[in-house]
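The values are calculated or read from the model by the stated rules, or taken from the named source; none is laboratory data. In this text, all values refer to a predicted model and were calculated from it rather than measured experimentally. Please note: Cβ atoms are built from the backbone with ideal geometry, for glycine as well, and neighbour counts cover all protein chains shown. These accessible areas exclude ligands, DNA and RNA; they are computed on the full protein's heavy atoms, side chains included. Shrake-Rupley method; radii C 1.70, N 1.55, O 1.52, S 1.80 Å.
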Amino acid sequence: MDCLFCGIAAGDIPSTKVYEDELILAFRDIAPEAPCHVLVIPKAHIGSADEITPENSAVVAHIFELAPKIARLGGADNGYRIVTNCGEDGCQSVKHLHFHILGGKKLPEHIVS
Ligand code: DGP
């Protein structure tokens, strides 16, 4: 499968790592929209939020358990926002489940402008 984030998870494509363990990788977004803009991915391929199932959802819980630590490591020390885009209307551009952790500044109140 030709997947950019699988390539990053495997270390074949370079990224700026923020956190890694056996299940997940967190790395800085290539086009940051906030001082802290970290992407958190499961290492095992899941296409999007649409593909989360009872069989693979433990890694999603793991990501949310680690989110406070990853946010702090990424530079968000006064709160943060977690976003996942899904599908066409959600403007998902990379078809590997990822959570944006955004912070390091006061974010816009409205997510949809
Ligand atoms: P989304 O639109 O939710 O699918 O977000 C995909 C994000 O991935 C987008 O904010 C830019 C980021 N991105 C795309 N290609 C790369 C890359 O090669 N390296 C890194 N670090 N981020 C990337």
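I'm checking my understanding of the structure. Among residues of segment 26-61 that are in a loop (DSSP other than H, G, I, E, B), buried (at least 16 other Cβ atoms within 10 Å of the Cβ) and of a type in the set (A, V, I, L, M), which one is nearest to the ligand (Cβ to nearest atom)?
Within segment 26-61, the match that is nearest to the ligand (Cβ to nearest atom) is 34.
For residue 71, are the conditions met, namely being away from the ligand (no atom under 16 Å from the Cβ), closer than 17 Å to residue 30 by Cα and outside any loop (DSSP other than H, G, I, E, B)?
yes
Being over 13 Å from the mean Cα position of the chain (by Cα), surrounded by fewer than 16 Cβ atoms within 10 Å (Cβ to Cβ) and on the phi < 0 side of the Ramachandran plot is true for just one of 7, 79, 11, 87. Which residue is that?
From the options 7, 79, 11, 87, the qualifying one is 7.
Just need a number here: residues in segment 14-25 that are assigned to a loop (DSSP other than H, G, I, E, B), open to solvent by less than 80 Å² (accessible area, probe 1.4 Å) and more than 8 Å from the ligand (Cβ to nearest atom).
Residues meeting the conditions: 2.
Residue 105: open to solvent by 100 Å² or more (accessible area, probe 1.4 Å) and more than 19 Å from residue 3 (Cα to Cα), yes or no?
Against the criterion (open to solvent by 100 Å² or more (accessible area, probe 1.4 Å) and more than 19 Å from residue 3 (Cα to Cα)), residue 105 qualifies.
Looking only at segment 57-113, how many residues end up being among the aromatic types (Phe, Trp, Tyr) and either over 24 Å from residue 44 (Cβ atoms) or touching a strand residue (DSSP E or B) at 6+ places or on another chain (Cβ under 7 Å) (or both)?
So the answer is 2.
Residue by residue through segment 90-102, note down the ones that are assigned to a loop (DSSP other than H, G, I, E, B), within 8 Å of the ligand (Cβ to nearest atom) and open to solvent by less than 40 Å² (accessible area, probe 1.4 Å).
The answer is 90, 92, 94, 98.
Does segment 49-59 contain at least one residue that is more than 20 Å from residue 2 (Cα to Cα), without any contact (Cβ under 8 Å) to a residue 24 or more places away in the chain and of a type in the set (Ser, Thr, Tyr)?
yes
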